[in-house]
Amino acid sequence: MYEDELVQYMSELGQPRFRAGQIYKWLHSGVKSFDEMTNISKELRQKLVESCYISDATIEKKLISAYDDTRKYLLSLPDGEYVESVLMHYHHGYTSCISTQVGCKMGCTFCATGQSGFSRNLTASEMISQLQSEERDCGIRISNIVLMGMGEPLDNYDNVVRFLRLVSSEHGMNIGMRHISLSTCGIVPRIYDLASLHLQLTLSVSLHAPNDEIRSRTMPVNRKYGIDELLRACRHYCHETGRRISFEYAMIDGVNDSDACARELAQRLQGMIAHVNLIPVNAVSGTGYRKSKTERLSAFINILSRSGITATVRRTLGSDINASCGQLRRSATGAGGAKGEGT
Ligand code: SAH
Ligand code: SF4
């Protein structure tokens, strides 16, 4: 609930307005039960137990990288579903990469989550629970969030927007929008919707191809919203919000990593305030895709930068624990069968 919804609920229960503020703060401090709310009367706590629940995500499995302390979690939800999240430690603080859905409908051919099918949307509080489970487990505060775990955030638009507003609220975890990134495969109408909210978050767009022919082969969503339409929406987003867009480009050996692809990409992105993140693809078994060779990455960057497009190779954290989503859930549930690295 938003704080004003809680105020409304308290008034229905015949409670004073300030109770809402107290309860809101407790909820966002990460308590797991109403009994921990020590400044709330026993009677009211009992009423809350009978009419509400506090969302929780239980840690089922945890992998810790020996290289850089990145932690990957498999979390279970009360209905028996599993999601994954990853906690990364940077010099400026802790960044959490959380899931927005159980599975994904989008079916990208290189993605472990996409290959395992869709189960359900996550609620806003289930997204917050992932952060709280990590904070409790490590005794730390999370300062940055990326919506880049399992699922397509813009396919769960209302819950994701609710999550963004809750997590950035002053009496909530108070994580500013500028510390949040949302990654999308390109659901064009929802990019316009998001732009109209004028949130100061960073939008990452998973492009992964310079033309419709390659993109439609690897990302089925492109058959509905082609690259021209997608980039038009991105330009609109930049114009409305004044924010630079970051384009994700997974480099797949022999598929999208040629010089010609780099030139085509540079041409497409001309005139945009954009940044390209190149990511050597994580090989997911069953897909037959392999990482591009290192010299391809440098050639690609050179071509882009000669055209004035800034590009970097994304630093890989947690490489020894495959800190990428889709695969822990796969092995826990058997979803999608084959084992392999995720996103
Ligand atoms: N559904 C959203 C966010 C979750 S996926 C999206 O697609 O943007 C997070 C990122 O991981 C996306 O950029 C996605 O394209 C990328 N990704 C998926 N599978 C990958 C793989 N095997 N290797 C590298 N990146 C991958
Ligand atoms: Fe879904 Fe993103 Fe994976 Fe595509 S890359 S299947 S949109 S999670």
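The values are calculated or read from the model by the stated rules, or taken from the named source; none is laboratory data. Quantities reported herein were computed from a predicted structural model and do not represent experimental measurements. Here Cβ is always computed from backbone atoms with ideal geometry, including for glycine, and neighbour counts include all displayed protein chains. Areas reflect the complete protein model, heavy atoms only, side chains present, ligands, DNA and RNA absent. Shrake-Rupley method; radii C 1.70, N 1.55, O 1.52, S 1.80 Å.
Let's see how each residue does on (1) farther than 30 Å from Val31 by Cβ; (2) within 12 Å of ligand 1 (Cβ to nearest atom); (3) touching a Leu at 6+ places or on another chain (Cβ under 9 Å); (4) modelled with pLDDT of 95 or more:
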{"position": "Tyr94", "(1), (2), (3), (4)": "no, no, yes, yes"}
{"position": "Gly103", "(1), (2), (3), (4)": "no, yes, no, yes"}
{"position": "Thr113", "(1), (2), (3), (4)": "yes, yes, no, no"}
{"position": "Gly117", "(1), (2), (3), (4)": "yes, no, no, no"}
{"position": "Glu126", "(1), (2), (3), (4)": "no, no, yes, yes"}
Hits in the stretch 48-76 - residues which are more than 30 Å from Leu13 (Cβ to Cβ), in a loop (DSSP other than H, G, I, E, B) and free of Cβ contacts under 8 Å to residues at least 60 places away in the same chain: Asp69
Residue by residue through the stretch 142-166, note down the ones that are away from ligand 1 (no atom under 16 Å from the Cβ) and in contact with a strand residue (DSSP E or B) (Cβ under 7 Å, 6 or more places away or on another chain). Ile142, Ser143
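One line per residue, one yes/no per condition, for (1) of a type in the set (Ser, Thr, Tyr); (2) modelled with pLDDT of 95 or more; (3) open to solvent by 20 Å² or more (accessible area, probe 1.4 Å):
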| residue | (1), (2), (3) |
| --- | --- |
| Gln130 | no, yes, no |
| Glu134 | no, yes, no |
| Ile140 | no, yes, yes |
| Leu147 | no, yes, no |
| Met150 | no, yes, no |
| Pro153 | no, yes, no |
| Tyr157 | yes, yes, yes |
| Arg165 | no, yes, yes |
Grab the helices (runs of 4 or more DSSP H) fully contained in the stretch 213-329, keeping just those with 2 or more residues being aliphatic (A, V, I, L, M), farther than 26 Å from Leu201 by Cβ and away from ligand 2 (no atom under 16 Å from the Cβ). 259-269, 294-306
Strands (runs of 3 or more DSSP E) (entirely within the stretch 128-208) containing at least 1 residues that are more than 20 Å from His28 (Cβ to Cβ) and of a type in the set (Ser, Thr, Tyr): 180-184, 202-206
Within the stretch 9-20, can you find the residues that are out of contact with any Leu (no Cβ under 8 Å at 6 or more places or on another chain) and loosely packed, with under 14 Cβ neighbours inside 10 Å? Ser11, Glu12, Gly14, Pro16, Arg17, Phe18
Considering only the stretch 167-188, state which residues are more than 16 Å from the chain's Cα centre (by Cα) and either at positive phi or away from ligand 1 (no atom under 16 Å from the Cβ) (or both). Ser169, Glu170, His171, Gly172, Met173, Asn174
Looking only at the stretch 77-122, and only at residues there that are open to solvent by 50 Å² or more (accessible area, probe 1.4 Å) and assigned to a loop (DSSP other than H, G, I, E, B), the one that is nearest to ligand 2 (Cβ to nearest atom): Lys105
Search the stretch 91-124 for residues being touching a helix residue (DSSP H, G or I) at 6+ places or on another chain (Cβ under 8 Å) and of a type in the set (Gly, Ala, Ser), and hand back the single one that is nearest to Arg217 (Cα to Cα). Gly107
Residues satisfying the stated conditions in the stretch 215-252, i.e. away from ligand 1 (no atom under 12 Å from the Cβ), closer than 19 Å to Ile279 by Cβ and open to solvent by 10 Å² or more (accessible area, probe 1.4 Å): Arg217, Arg244
